[in-house]
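Undergrad: Mind having a look at this structure? Questions to follow.
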Amino acid sequence: GNSVASVGDADGDGADELLGGSWGDTDLGAVYTIPGGSLADASLAAFPVIAGEVTGKYFGWAIADCGDADGDGAGDFVASDIDRDDGAGALYRFDTFGTYADAGGAIASIVGPGADAALGTHVSCGKDVNDDANVDALVAVTGVTEVWLLNGADLGKTATWTGTIGGGELTVAQL
């Protein structure tokens, strides 16, 4: 895949699962759930998949474990599609235990501010960044040189950082 994340033990076998984002795999992009434990060589086609919801886009570009973002006792993760809606980009939140036909079934989602904003080029999730007792997500919106702080449960925007660092782009890793 093009992006990977460990998401804890989703199937109850005692081993953490992996997520593999593969935005170039299909016309839609995809996120695969790869069972942990005794991993052996296998085709991604053998694993559960969430397909993107818009043809020709980049679903699965970035993925991150969010822990239990909504407090329901199940793990959560986010996945981005940086080219949705003419490059506005989108971020989707899923329950690790859920079954989804495509990204349209996500528990929560947010779309970038306009064409070529590229929301979701980098994502990080699972910590309480603003000390409000909720899990937060940080997402880079590189087309407009911003990083958004989102509530991990509903992906509502709570803060925005703008600007550049040393003449380059501001990224989640630099915060």
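The values are calculated or read from the model by the stated rules, or taken from the named source; none is laboratory data. Just so you know, these numbers come straight off a predicted model, no measurement behind them. Don't worry about glycine lacking a Cβ; one is built from the backbone with ideal geometry, like all the others, and counts go over all protein chains shown. When the accessible area is computed, the model is the full protein with side chains, heavy atoms only, and any ligands, DNA or RNA have been set aside. Shrake-Rupley method; radii C 1.70, N 1.55, O 1.52, S 1.80 Å.
Undergrad: Take the range 98-124 and flag every residue that is aliphatic (A, V, I, L, M) and at pLDDT below 90. Even if it seems obvious, please write down each step before you answer.
TA: We begin by selecting, within the range 98-124, every residue aliphatic (A, V, I, L, M); these are 101, 103, 106-108, 110-111, 115, 117-119, 123.
Residue satisfying the conditions is 101 alone.
Undergrad: Looking at the range 119-137 only, could you name the residues that are out of contact with any Asp or Glu (no Cβ under 7 Å at 6 or more places or on another chain) and surrounded by 19 or more Cβ atoms within 10 Å (Cβ to Cβ)? Show your work before the answer.
TA: So in the range 119-137, the residues out of contact with any Asp or Glu (no Cβ under 7 Å at 6 or more places or on another chain) come out as 119, 121-124, 131-133, 137.
119, 121, 122, 123, 124, 137 - these are the residues of the range 119-137 that are out of contact with any Asp or Glu (no Cβ under 7 Å at 6 or more places or on another chain) and surrounded by 19 or more Cβ atoms within 10 Å (Cβ to Cβ).
Undergrad: For the range 88-95, state whether one or more residues are assigned to a loop (DSSP other than H, G, I, E, B), among the charged types (D, E, K, R) and under 19 Å from residue 9 (Cβ atoms).
TA: no
Undergrad: Go through the residues of the range 122-131 one by one and say whether even a single one is within 17 Å of residue 52 (Cβ to Cβ) and assigned to a strand (DSSP E or B). Break it down into steps so the answer makes sense when it comes.
TA: Our first condition is that a residue be within 17 Å of residue 52 (Cβ to Cβ); within the range 122-131, this holds for 123.
Okay, now just the ones that are also assigned to a strand (DSSP E or B), so 123.
Looking for residues that are within 17 Å of residue 52 (Cβ to Cβ) and assigned to a strand (DSSP E or B), one finds at least one in the range 122-131, hence yes.
Undergrad: Turning to a different aspect of this structure: Among the residues of the range 133-166, what is the count of those that are among the acidic types (Asp, Glu) and touching a residue at least 24 places away in the same chain (Cβ under 8 Å)?
TA: Residues in the range 133-166 being among the acidic types (Asp, Glu) and touching a residue at least 24 places away in the same chain (Cβ under 8 Å): 2 in total.
Undergrad: Counting only residues that are assigned to a strand (DSSP E or B) and over 19 Å from residue 3 (Cβ atoms), which one in the range 96-118 is least open to solvent (accessible area, probe 1.4 Å)?
TA: Of the range 96-118, the ones assigned to a strand (DSSP E or B) are 102, 108-111.
Those left that are additionally over 19 Å from residue 3 (Cβ atoms): 108, 111.
Working: 108: 12, 111: 52 Å².
Here the residue is 108.
Undergrad: Another one. Are any residues in the range 125-141 at pLDDT below 90 and closer than 21 Å to residue 113 by Cβ, and if so, which ones?
TA: 129, 130
Undergrad: Is at least one residue of the range 71-87 over 26 Å from residue 35 (Cβ atoms), aliphatic (A, V, I, L, M) and surrounded by 21 or more Cβ atoms within 10 Å (Cβ to Cβ)?
TA: yes
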